[in-house]
Amino acid sequence: MKIALMDAGMGLLAAAAAVRRLRPDADLVLSSDPDGMPWGPRTPDDITAHALATAEAAAAHRPDALIVACNTASVHALPALRARLEPDLPVIGTVPAIKPAASGGGPVAIWATPATTGSPYQRGLIEEFAHGVAVTEVPCPGLSDAVENADEAAIAHAVVAAAERTPDDVRAIVLGCTHYELVAERIRAAVQRPRMPPLVLHGSAGAVAAQSLRRIGEPPAPGAPPEGTVTVLLSGRAAPLPAPALAYAEGRLLQAVSPTR
């Protein structure tokens, strides 16, 4: 079994680690686009072109499923990716976990990139899944870039700035960019208020990992032998796992239990 994941950068690590935990025997293909990132400021057509190139590099390795582990690509390029690759290759998109966050009744904060915050796409999800729940959209300028580069000082600055824009009574935070899941505990520590109930963070990595297995008819088997390999593609070029990935538990997990080729 082989599962591919794509993103502009290292946001795919969280979903890749989630797949690895569910199926340690699955081969992984990690396809990113460091030459073209960031995708967020690009036009929708340009994002789609870069996403297609990144997906096709992964598809050349004949995976059984492709996870689009990127909110930006899922918003702008998912229809084009599915039109190009399905039905031969199932394509699983990433949607911010607004529905499960809102099911707790709120208040909810959605941390997202400035381009996504306030977008018709995100507002539509709020209207559909969080109607009647207090929701605050929190832009997080610089956070995804800081995570991508494992820049600890920049991460700390961006997290503190976003925490200051987050209401004190928030009970749940939606991590609306896959990069943010790599620093989830730092976000929790910055937002958790004294004498308030424990803050709940909602990412998408676990859900998309489980959905990828469902799409190919494979059950979770966390006790399977850890024999899966990792193939890394950087703008289509085979490469080792980038050094900044090892700053995160998810990257270290992939390196520790998976031969990289």
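Which condition from (1) open to solvent by less than 70 Å² (accessible area, probe 1.4 Å); (2) within 17 Å of the chain's Cα centre (by Cα); (3) closer than 15 Å to Thr113 by Cα is the one that Asp145 breaks?
Among (1) open to solvent by less than 70 Å² (accessible area, probe 1.4 Å); (2) within 17 Å of the chain's Cα centre (by Cα); (3) closer than 15 Å to Thr113 by Cα, Asp145 violates only (1).
Could you list, in sequence order, all residues of the range 169-191 that are open to solvent by less than 20 Å² (accessible area, probe 1.4 Å) and within 15 Å of Ala134 (Cβ to Cβ)?
Passing the criteria: Val170, Ala172, Ile173, Val174.
Of the residues Pro194, Pro220, which is surrounded by fewer than 16 Cβ atoms within 10 Å (Cβ to Cβ), modelled with pLDDT of 95 or more and not hydrophobic (A, V, I, L, M, F, W, C)?
The conditions single out Pro220.
Of all residues in the range 69-101, how many are part of a helix (DSSP H, G or I), touching a residue at least 40 places away in the same chain (Cβ under 8 Å) and aliphatic (A, V, I, L, M)?
Number satisfying all stated conditions: 4.
Right, Arg214: open to solvent by 30 Å² or more (accessible area, probe 1.4 Å), of a type in the set (Lys, Arg) and touching a residue at least 12 places away in the same chain (Cβ under 8 Å) or not?
no
Given the condition farther than 24 Å from Trp39 by Cβ, open to solvent by 50 Å² or more (accessible area, probe 1.4 Å) and assigned to a helix (DSSP H, G or I), answer yes or no: does some residue in the range 198-205 qualify?
Within the range 198-205, none of the residues are farther than 24 Å from Trp39 by Cβ, open to solvent by 50 Å² or more (accessible area, probe 1.4 Å) and assigned to a helix (DSSP H, G or I).
For the range 40-64, enumerate the residues that are surrounded by fewer than 23 Cβ atoms within 10 Å (Cβ to Cβ) and not in a helix (DSSP H, G or I).
Within the range 40-64, Gly40, Pro41, Arg42, Thr43, Ala60, His61, Arg62, Asp64 meet the criteria.
In the range 28-54, how many residues are among the charged types (D, E, K, R) and touching an Asp or Glu at 6+ places or on another chain (Cβ under 9 Å)?
1
Could we say that Val159 is at pLDDT 95 or above, open to solvent by less than 40 Å² (accessible area, probe 1.4 Å) and touching a strand residue (DSSP E or B) at 6+ places or on another chain (Cβ under 6 Å) here?
Here the answer is no, as Val159 does not meet what is asked.
Return the total of residues in the range 234-250 being part of a strand (DSSP E or B) and surrounded by fewer than 16 Cβ atoms within 10 Å (Cβ to Cβ).
Residues in the range 234-250 being part of a strand (DSSP E or B) and surrounded by fewer than 16 Cβ atoms within 10 Å (Cβ to Cβ): 3 in total.
Do we have His50 as over 13 Å from Ala4 (Cβ atoms) and touching a Gly at 6+ places or on another chain (Cβ under 8 Å) here?
So His50 passes the test.
Give just the number: which of (1) open to solvent by less than 70 Å² (accessible area, probe 1.4 Å); (2) at pLDDT below 95; (3) in a loop (DSSP other than H, G, I, E, B) does Pro114 not satisfy?
Only one criterion is unmet by Pro114, namely (1).
So Leu213 clears everything in (1) within 25 Å of Asp151 (Cβ to Cβ); (2) of a type in the set (A, V, I, L, M); (3) out of contact with any strand residue (DSSP E or B) (no Cβ under 7 Å at 6 or more places or on another chain) except one condition, right? Which one?
(1)
The values are calculated or read from the model by the stated rules, or taken from the named source; none is laboratory data. If you're wondering where the values come from, they're calculated on a predicted model, not measured in any experiment. Cβ sites come from the backbone with ideal geometry, for glycine too, and all protein chains shown count toward neighbours. Just so you know, the surface numbers come from the protein's heavy atoms only, side chains and all, with ligands and any DNA or RNA stripped out. Shrake-Rupley method; radii C 1.70, N 1.55, O 1.52, S 1.80 Å.
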